[in-house]
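Peer 1: One structure coming up, written as structure tokens, with questions to follow.
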Amino acid sequence: MSSHTRLDFAHPQGLVAGVDEVGRGPLAGPVVTAAVILDPARPIAGLADSKVLTERRREALFDEIRDKALCWALGRAEVEEIDTLNILQATMLAMRRAVLALDPAPRHALVDGNRCPDLPCSAEAIVKGDGTVAVISAASILAKVSRDREMTALDAEYPGYGLAGHKGYPTRAHLAALAELGVSPIHRRSFAPVRRLLEN
């Protein structure tokens, strides 16, 4: 067990939240974040980085985390906020929203990545924490399943782009659809492939 994992429940300040995001890289849709405080009395087996889990396993863990966690919350930043603030600042805002929505409030936050949002509690950034710290893994699963479901729903609203498959990421198929169909209201205009189409 790593020292970071021990921090989950043995942190001297008490309740520790894990925080992660999904959706920094896509050309479309919001960035979605999750914050979660796990219950040491109700352990969850198999927590791992959401990206290495099968969709079926992620879905099962999503339900288990929501059932067993002391508390959890989602945060988000919309496309308009991403385009106005830039993706990094929008992600920090979404993370802050998720943490502020937790009840009880955490005394400390473990944040995946190399920087922390402005929070009312102490926080530390842990690079690749979603694969090494259970409570961050839980947050990554909540964020990914939530965003994937939303992008699948948006696929029906904006057909032709293949959003249910690539979830907004800049795949070859997505770029080809963008060139053919043009830019939709859920595309991030500040991202280069989208911006170039608008400038042509």
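The values are calculated or read from the model by the stated rules, or taken from the named source; none is laboratory data. The shown structure was predicted, so the numbers you read here are calculated from the model rather than taken from an experiment. Don't worry about glycine lacking a Cβ; one is built from the backbone with ideal geometry, like all the others, and counts go over all protein chains shown.
Peer 1: Let me confirm something: among Val135, Val127, Val183, which residue is under 24 Å from Ala45 (Cβ atoms) and not aromatic (Phe, Trp, Tyr)? Explain how you work it out, then say what you get.
Peer 2: Working: Val127 fails: under 24 Å from Ala45 (Cβ atoms); Val183 fails: under 24 Å from Ala45 (Cβ atoms).
So the residue among Val135, Val127, Val183 that is under 24 Å from Ala45 (Cβ atoms) and not aromatic (Phe, Trp, Tyr) is Val135.
Peer 1: Any idea which residue in region 132-183 is farthest from Gly25 (Cα to Cα), counting only those that are among the charged types (D, E, K, R) and buried (at least 17 other Cβ atoms within 10 Å of the Cβ)? Reasoning before the result, please.
Peer 2: Step one: filter region 132-183 for residues among the charged types (D, E, K, R), giving 144, 147-150, 155, 157, 167, 172, 180.
Okay, now just the ones that are also buried (at least 17 other Cβ atoms within 10 Å of the Cβ), so 144, 147-148, 150, 155, 167.
Working: Lys144: 13, Arg147: 13, Asp148: 14, Glu150: 16, Asp155: 18, Lys167: 10 Å.
Of everything passing the filter in region 132-183, Asp155 is farthest from Gly25 (Cα to Cα).
Peer 1: To continue, here is another question. Identify all residues within region 59-98 that are touching a strand residue (DSSP E or B) at 6+ places or on another chain (Cβ under 9 Å) and under 14 Å from Val22 (Cβ atoms); write none if there are none.
Peer 2: Correct list: Leu74, Gly75, Arg76, Ala77, Ile82, Ile87, Ala90, Thr91, Ala94, Met95, Ala98.
Peer 1: Collect the residues in region 149-164 that are touching a helix residue (DSSP H, G or I) at 6+ places or on another chain (Cβ under 8 Å), assigned to a helix (DSSP H, G or I) and touching a residue at least 60 places away in the same chain (Cβ under 8 Å), keeping them in residue-number order.
Peer 2: Met151, Leu154, Leu163
Peer 1: Do we have any residue at all in region 46-61 that's in contact with a Gly (Cβ under 6 Å, 6 or more places away or on another chain) and either at pLDDT 95 or above or on the phi > 0 side of the Ramachandran plot (or both)?
Peer 2: Step one: of region 46-61, the residues in contact with a Gly (Cβ under 6 Å, 6 or more places away or on another chain) are 49.
Restricting the remaining residues to those that are either at pLDDT 95 or above or on the phi > 0 side of the Ramachandran plot (or both) gives none.
Looking for residues that are in contact with a Gly (Cβ under 6 Å, 6 or more places away or on another chain) and either at pLDDT 95 or above or on the phi > 0 side of the Ramachandran plot (or both), one finds none in region 46-61, hence no.
Peer 1: Here's another thing I want to ask about it. Would you check which residues across region 30-40 are farther than 10 Å from Ala73 by Cβ and buried (at least 24 other Cβ atoms within 10 Å of the Cβ) and list them? Spell out how you get there, then give the answer.
Peer 2: Going residue by residue through region 30-40, those that are farther than 10 Å from Ala73 by Cβ are 30-32, 38-40.
Pro30, Val31, Val32, Leu38, listed by residue number.
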